[in-house]
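Report on the following structure.
Rule-based calculations on the coordinates, nothing more; no lab input. No experiment lies behind these values; they were computed from the predicted model shown. Don't worry about glycine lacking a Cβ; one is built from the backbone with ideal geometry, like all the others, and counts go over all protein chains shown.
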Amino acid sequence: MSEGNTQTIHWSFWAITAFALLWNIGGSVNFFMQMDASNLGSYRVSERAIIEGRPLWATGGFAVAVFGGAIGGLLLLFRKVAATLTFTASLIGAAVTMIHTARIAVAEPSFGITEVLLMIIMPLLVAAYFAAYAKRAKSKGWLR
C-alpha cells in the first residue's frame, strides 16, 4: 500500500472496519455458543425458543450472516473490493435468519419490544450499514 493511498482514506474507515470485524467476530462466537446445547440453560426463555426451534435454513442464514460478516470485516481491513460481496451476503443471511426469529417473536408471549429491537431490528440495520459502507468505500476508491 503506497503512502499516498493511505493518506486519502478517512480515519473513520479504520474505526468502522474495526467495529465491523469485532461485531461479526462476536456474532461468530455467539453462533458457536448457541450450537452448544450445554449453554442453552443460560439463555432467557424467549432466546431459547429461537435457538431450540431454529430450522436448518435459519441456522444457515445465521452462519452466513456472522461468518460472512467476519470475512467481510477482514477483507475491508485489507481494503479488498470483495468485502462488498461478503457484506451483502451477510445482510441476506441476517434477513433469512430474522424471518425465523420474527415468527418466534410473534408467537412467544414473553417477547417484548426491547427484544424485538435488539434481536431483530438492530442486527439487520447493522448488517445493512456494513454492506452500504463497503459499497461506499469501493466508490471512493479505498478498496482495490
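Per-residue ellipticity at 222 nm for the chain, helices alone: DSSP H runs ≥ 4 residues times -39500 (n - 2.57), over residue total, nearest 500 deg cm²/dmol?
Result for the chain: -24500 deg cm²/dmol, rounded to the nearest 500.
Taking other Cβ within 10 Å of each residue's Cβ, how do Tyr133, Tyr43 sort, fewest first?
So the residues, fewest neighbours to most, are Tyr43, Tyr133.
Any idea how far apart Trp11 and Glu108 come out in nm if each label point goes 7 Å out from Cα toward Cβ?
Placing both labels 7 Å beyond Cα along the Cβ direction yields 4.1 nm.
Which angle between 0 and 90 degrees, to the nearest 10, do you get for helix 122-139 versus the longest principal axis of the chain when only C-alpha atoms count?
Taking the Cα atoms of the chain, the angle to 122-139 is about 20 degrees.
For Lys80, which aspartates and glutamates qualify as cross-link partners when the Cα separation must be under 13 Å and same-chain residues fewer than eight apart are set aside?
Within the straight-line limit of under 13 Å, Lys80 reaches no aspartates and glutamates at all.
Hey, which aspartates and glutamates would be in cross-link range of Lys138, C-alpha to C-alpha under 16 Å, not counting anything within fewer than 8 residues on its own chain?
Here the aspartates and glutamates satisfying the reach criterion relative to Lys138 do not exist.
Averaged over every viewing direction, what's the projected area of the C-alpha convex hull for the chain? Give it in nm², one decimal, please.
Average projection, Cα convex hull of the chain: 8.8 nm².
Using alpha carbons only, how many degrees (0 to 90, rounded to 10) separate the axis of helix 11-35 from the longest principal axis of the chain?
Rounded to the nearest ten degrees, it is 30.
Based on the Cβ-Cβ distance from Ser42 to Ile121, what FRET efficiency comes out when R0 is 22 Å, to the nearest 0.05?
It comes out at approximately 0.40.
At 7 Å along Cα-to-Cβ for each site, give me the label-to-label distance between Met33 and Lys135 in nm.
3.2
By average Cβ neighbour count within 10 Å, what is the ranking of 20-28, 70-78, 134-142 from highest down?
By packing density, highest mean first, the sequence is 70-78, 20-28, 134-142.
Taking Cα pairs under 8 Å and at least six residues apart, what relative contact order does the chain come out at, in percent?
27
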